[in-house]
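> If you scroll down you'll find the structure; I have some questions about it.
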Amino acid sequence: MNISRTLLITFFLSAQTIAVAATPIIKIEIRNHLFYPAEVIVPANQKVKLLIHNTDPTPEEFESYELNREKVIVGNSKAVVFIGPLEQGEYPFFGEFNMSTALGKVIAR
């Protein structure tokens, strides 16, 4: 009975690790009111985690009408935005507080 219980626990822990590892993480930096990189390529038809690091001292809002997302990221901090699964295509995003410079797009392939 102990062996069965150990195997069952091991199976569930392995399944959780696989599920977590399956979500790609894309890092984006906000620096000098610009997104780096300005274009990110993500796998189509899969959920993706965007890890956005705002290195500016001022806040910025990651926003995209096409992705249906908006998130304020205070200065010198990080935020997570989940997107997808997305069909193949391009999805623009922008920084609402610096719309003339903070521009980018997600490309799903």
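> Restricting to region 51-101, count the residues that are at pLDDT 95 or above, part of a loop (DSSP other than H, G, I, E, B) and of a type outside the set (S, T, N, Q).
12
Every residue, every condition in (1) β-branched (Val, Ile, Thr); (2) over 16 Å from PHE97 (Cα atoms), yes or no:
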{"residue": "LYS27", "(1), (2)": "no, yes"}
{"residue": "VAL40", "(1), (2)": "yes, yes"}
{"residue": "ASN45", "(1), (2)": "no, yes"}
{"residue": "LEU50", "(1), (2)": "no, yes"}
{"residue": "GLU70", "(1), (2)": "no, no"}
{"residue": "VAL74", "(1), (2)": "yes, no"}
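> Looking only at region 55-109, how many residues end up being surrounded by fewer than 14 Cβ atoms within 10 Å (Cβ to Cβ) and either at positive phi or among the aromatic types (Phe, Trp, Tyr) (or both)?
Residues flagged as surrounded by fewer than 14 Cβ atoms within 10 Å (Cβ to Cβ) and either at positive phi or among the aromatic types (Phe, Trp, Tyr) (or both) within region 55-109 amount to 5.
> Could you grab the pairs with beta carbons closer than 7 Å, sequence gap of 6+ or different chains, first residue in region 71-82 and more than 17 Å from ILE25 (Cα to Cα) and touching a residue at least 40 places away in the same chain (Cβ under 8 Å), second one polar (S, T, N, Q) and part of a strand (DSSP E or B)?
The qualifying pairs are ILE73/ASN54.
The values are calculated or read from the model by the stated rules, or taken from the named source; none is laboratory data. Quick caveat: nothing in here was measured; it's all calculated off a predicted structure. For neighbour counting, all protein chains shown are included, and Cβ atoms are generated from backbone atoms with ideal geometry for every residue, glycine included.
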